[in-house]
Amino acid sequence: MKPVIVQVVGFQNSGKTTFVKKLLQELSKHKINVATIKHHGHGGKPDVVEKKDSSEHIHSGAFASLVEGEGRLLLQVEKDKWNVQEQIHILCTMNPEVILIEGHKNETYDKIVLLRNKEDFDALKSLENVMAFVSCEPIHINTSVPIWNKNETISLLVQYINEKRN
């Protein structure tokens, strides 16, 4: 079974992480198995726990290190660059029903675009496969793509995901 893949995109401080966390909470209430991919858009490598065996293995030359304890699995892999398709492939081995991608706005998966203002819309209106724009303030724009109110978006997206899963 292929997972439903949905992106949540927008500029920095548009509320992507908060939105994804709320969506994850709602999907978990529906017992939907979700995996996430987050783009680290702040430059540099994401933080890892240093001075632990898995990091020491990486620093000593391993390209991947996996640690398991009491059902928690941590995977650290070093490579020059990972494209989104490779990340999805790795997650698919875990059989998720849904993969949520936070960021990576230029990928071509179905996406929700979070807007802070009309200028964000002007900069992001040409993105591919936009399901809806989401704004917390009323924005009057001319678009064929729906503009969802931030308060109703989670329930609309859960409905969309359930339809795609079945």
Quiz prompt | For I101, distant residues with modelled amide H under 5 Å away | solution = V6, Q7, V8, I37
Quiz item: How much solvent-accessible surface does M94 expose, in Å² to the nearest 10, with a 1.4 Å probe and all protein chains in place?
Solution: 110
Self-check item: Those trypsin sites (Lys or Arg not before Pro) in the stretch 9-38 that DSSP places in a loop and that have at most 16 other beta carbons within 10 Å
Solution: K31
Practice problem: Just check the stretch 122-166 against the gyration tensor rule for me: Cα atoms, a ≥ b ≥ c as the square roots of the eigenvalues, rounded for a/c under 1.5, and otherwise prolate or oblate depending on whether a/b exceeds b/c. | Solution: oblate
Quiz item: Which label marks the calculated value of Cα Rg over 2.2 N^0.38 Å, given the options [x] 1.15; [y] 0.97; [z] 1.06?
Solution: [x]
Practice problem: May I ask you to list the trypsin sites (Lys or Arg not before Pro) in the stretch 57-145 that are in a DSSP loop and have at most 10 other Cβ atoms within 10 Å of their Cβ? | Solution: K79, K81
Quiz item: Under a 1.4 angstrom probe, counting protein chains only, how are E70, E119, E78 ranked by accessible area, largest first?
Solution: E70, E119, E78
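The values are calculated or read from the model by the stated rules, or taken from the named source; none is laboratory data. Model, not experiment: these values are computed from the prediction. Positions of Cβ are backbone-derived with ideal geometry, glycine not excepted, and every protein chain shown enters the neighbour counts. The accessibility values were calculated without ligands, DNA or RNA, using every heavy atom of the protein model including side chains. Shrake-Rupley method; radii C 1.70, N 1.55, O 1.52, S 1.80 Å.
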